[in-house]
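Below is one structure, written out as structure tokens, with a few remarks after it.
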Amino acid sequence: MKITNKRIVDVYDEVSNDFYKNKENKNQKSKHWQSYYGFKKFNTENLINFRSSGIGAGLDDQTNSFTFKTYAEVVNQLSEEYVFSNLPKKNIGKSELLIKYKNIFLDYNKLIHIHWFNDVEKNVLKNNQISSICEIGGGFGSFSELFIKNYNTKLLSIDLPEACLMAAYYLKESFPEKKFYLYDDYKKNNYLSYEDFLNFDIIILPPNLNIDPKIEIDFFINARSMAEMNFITIKSYFEFIQKHVTENGFLLNINRYDKSSVGENIRISEYPYDGNWNVLCSKPAFSQPHIHFLLTQRDLSQECANLEKELLEIKKLEKVFYDKHVESIPFWGRAMVLYILKEIFSKKLLRFLGDFLLKIGSKLKKL
């Protein structure tokens with residue numbers, strides 16, 4: 001079935017209704033994400049503008065303080081040719097913060113992803129056949145796009161209905177030739193079969209669906225979203241990963257050392273890995289020292305499994321960040337305030353006031 005914007009919005013309406021009325025999914029939208037998606041409406045107009053309309057809030061690192069410094073750092077470490085080949089040529093989502101440079105757009109969010117991707121290339125992709133990836137909580141698909149573009153990988157994307165909406169739009173604009181499997185396809189049998197997995201290129205679904213146990217994934221990814229989930233949800237995802245990863249498959253975990261926006265402390269050193277993982281790369285993430293980059297490979301023999309020792313080392317780094325990310329306003333309160341302000345004032349005025357207050361705050365901080 002052809003992917004149109006209307007179909008994407010219609011699918012969102014269907015999946016949202018089914019997903020949120022299911023009591024099994026009550027823990028999936030944590031307090032963190034309730035504050036982003038408590039009052040938002042979705043239609044074909046704001047879908048096209050999702051990176052400027054506000055509906056993509058929380059899914060990428062857009063910033064109006066972006067400078068060429070980050071670009072220069074990435075280019076110096078990798079190469080201009082490499083970075084240029086992976087930066088976007090289209091402003092999908094119509095972000096107001098991308099910088100047009102030569103024939104590409106400089107995007108802080110994408111530059112971070114390119115740096116991550118280069119580490120994955122060096123440690124995994126250049127020496128292993130990776131035909132499938134599964135990104136959990138991947139937002140609108142910016143990071144997954146690099147795997148599809150450079151290695152033609154199959155993608156299984158699992159995320160909340162709102163993120164599925166944006167990922168479907170972003171990826172169909174990036175790869176119009178690909179075969180997409182969405183929730184309306186799943187509803188035909190209420191089951192993702194092994195045959196459908198083989199026959200489609202990009203599969204975008206919400207959590208907790210019926211998936212054929214024969215489906216195996218070469219490379220799993222979670223980047224900066226498990227820290228925003230309840231621990232019970234993180235545990236269920238690790239069970240899913242360790243059930244469906246190939247015998248020598250990989251898991252990339254890029255998350256905060258400590259975050260409490262869900263109402264409990266979520267710490268990367270305490271994630272529920274089993275004992276069958278070997279550490280390939282472990283370090284503070286590029287340009288974001290409060291986040292850790294942890295790349296591991298499945299090792300059922302346990303001959304090289306060394307993750308337990310590494311998690312103890314991560315815990316030492318982690319303690320510096322304990323309780324540094326504390327929400328001063330209740331989650332429902334932030335969502336309510338944002339909703340009311342947007343209803344009363346224009347986005348342009350709110351952006352102006354935000355920039356003005358940010359500048360005042362920066363000057364006061366220097367006093």
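Tabulated data for the structure shown
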{"read-out": "Region 100-253, dipole about Cα centre (Lys/Arg Cβ +1, Asp/Glu Cβ -1), debye to the nearest 20", "value": "360 debye"}
{"read-out": "Charge dipole (region 123-216, unit charges on Cβ, about Cα centre) - positive-most of I130, A167, N208", "value": "I130"}
{"read-out": "Protection proxy ranking, peptides 293-303, 255-265, average beta carbon neighbours within 10 Å, highest first", "value": "255-265, 293-303"}
{"read-out": "Spatial separation of Cα centroids for region 68-137 and region 282-306, in angstrom", "value": "21 Å"}
{"read-out": "Sequence of V75, V279, V120 once ranked by neighbouring C-beta atoms within 10 Å, starting from the fewest", "value": "V75, V279, V120"}
{"read-out": "Residues E145, E177, E216, E24, sorted so that the one with the fewest Cβ neighbours within 10 Å comes first", "value": "E177, E24, E216, E145"}
{"read-out": "Order of K154, K41, K214, K149 under a 10 Å beta carbon neighbour criterion, fewest first", "value": "K41, K214, K149, K154"}
{"read-out": "N91-L300 pseudo-label distance in nm [points 7 Å out on the Cα-to-Cβ vector]", "value": "5.0 nm"}
{"read-out": "Cut-off 19 Å, label 7 Å out along Cα→Cβ of N123, residues of region 230-260 by amide N", "value": "238, 241-242, 245-258"}
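Read-outs throughout are calculated quantities, based only on the coordinates presented, and are distinct from any laboratory measurement. Since this is a predicted model, take the numbers as computed values, not measurements. Note that each Cβ is placed from the backbone with ideal geometry, even for glycine, and that neighbours are counted across all protein chains shown.
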